[in-house]
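The values are calculated or read from the model by the stated rules, or taken from the named source; none is laboratory data. The structure displayed is predicted, hence computed values, not measured ones. Every residue, glycine as well, gets a Cβ built from its backbone with ideal geometry; the counts of neighbours run over all protein chains shown.
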Amino acid sequence: MTTQPRTAEPVDHDNGRLLVPTAMLDHRNEAIRQLVTERGWRELKPDDRIGAVYDYVRNDIAFGYNTDDDITASGVLADGYGQCNTKATLLMALLRAVDIPCRFHAATIHKRLQKGVVPAVFYRLAPDEILHAWVEVLVDNDWKRLEGVILDDAYLDGLRCQIGRPTSAFIGYAAGTDDLDNPPIEWVGDHTEIQMTGVERDLGVYADPDTYYQTAGTNLSGLKRILYRRLIRHIMNRTVREIRSAHRRQHSDASSDQP
């Protein structure tokens, strides 16, 4: 049964701790500093800063599978793509770089959420529950989750085209939502989400991802990790690209039918 995460208590009462860089949240990295300066995010009001950084990570950083869950924020930025855990790392680093305190919320999702993207053979070998994470920011004394950052608009458009644009609940292909046509993914000062209906267990909140991964580890180890890094993720990323291109193909086909 799917369970929604509990309301977690703040990690501590010192927001300063939720601003510091870590080995993974390396927001003093030159590429991250340059990006923040070029975008002018620090000049915005706090709520607009959250929205601008969130929109960047959601759409400018495409959905895709990196080598590991615990790569650095600058590594995700260099890749130009990420999944739930790695996008959370980059989002946290960028938010802290513009003085927005944030924390890391860990959970698990059921593997059925990844069905369609994960190759069939590997899907059978995968554990039933997969590590999942999102970022939370404090808005009007309430922690808001930014879980909707995972899937870019182009991927979602392609997914709708591929499966016929359902308006009811949907789970699979890395999405888990009550309404695939209109999921709550835009930042309007409240929770955003795109995989929450696939959440199985709440694993609590942490000041940073480093602390969590040091205690819990990552999704894969041993031979499975090697296979994932060298083979499986490349197949998954190819599937993601094909889904993303479905929307463009549909529009191209429609245009070719015009007199």
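On the basis of being part of a helix (DSSP H, G or I), out of contact with any helix residue (DSSP H, G or I) (no Cβ under 6 Å at 6 or more places or on another chain) and among the aliphatic types (A, V, I, L, M), does residue 107 make the cut? Please lay out each step first, then the result.
On the way: part of a helix (DSSP H, G or I): no; out of contact with any helix residue (DSSP H, G or I) (no Cβ under 6 Å at 6 or more places or on another chain): yes; among the aliphatic types (A, V, I, L, M): yes.
No; evaluated as a whole, the condition is false for this residue.
Does residue 97 satisfy the criteria of being of a type in the set (Gly, Ala, Ser) and closer than 23 Å to residue 197 by Cα?
Against the criterion (of a type in the set (Gly, Ala, Ser) and closer than 23 Å to residue 197 by Cα), residue 97 does not qualify.
Of the numbered conditions (1) assigned to a helix (DSSP H, G or I); (2) touching a strand residue (DSSP E or B) at 6+ places or on another chain (Cβ under 7 Å); (3) at pLDDT below 90, residue 219 satisfies every one except a single condition; which is it?
The failed condition is (1).
Go through 49, 33 for me and flag whichever is basic (Lys, Arg) and either touching a Phe, Trp or Tyr at 6+ places or on another chain (Cβ under 7 Å) or in a loop (DSSP other than H, G, I, E, B) (or both).
After ruling out the rest, the residue left standing is 49.
When residue 164 is evaluated against the numbered criteria (1) surrounded by fewer than 22 Cβ atoms within 10 Å (Cβ to Cβ); (2) farther than 21 Å from residue 57 by Cα; (3) in contact (Cβ under 8 Å) with a residue 40 or more places away in the chain, which criterion, by number, is the only one it fails?
Answer for residue 164: the failing condition is (3).
Taking the condition of being modelled with pLDDT of 95 or more and part of a loop (DSSP other than H, G, I, E, B), how many residues in the range 117-175 meet it?
Number satisfying all stated conditions: 6.
Quick one: which of 73, 93, 106, 120 is of a type in the set (A, V, I, L, M, F, W, C), farther than 22 Å from residue 202 by Cβ and either without any contact (Cβ under 8 Å) to a residue 12 or more places away in the chain or in contact with a strand residue (DSSP E or B) (Cβ under 6 Å, 6 or more places away or on another chain) (or both)?
Just one listed residue meets the conditions, 120.
Which of the residues belonging to the range 198-212 are in a helix (DSSP H, G or I), within 16 Å of the chain's Cα centre (by Cα) and within 12 Å of residue 88 (Cβ to Cβ)?
209
Out of all the residues in the range 1-30, which are at pLDDT 85 or above, loosely packed, with under 13 Cβ neighbours inside 10 Å and either in a loop (DSSP other than H, G, I, E, B) or not acidic (Asp, Glu) (or both)?
20, 23, 28, listed by residue number.
Of everything in the range 184-199, what is surrounded by fewer than 19 Cβ atoms within 10 Å (Cβ to Cβ) and in contact with a His (Cβ under 9 Å, 6 or more places away or on another chain)? Give them in sequence order.
Hit for the range 184-199 is 184, nothing else.
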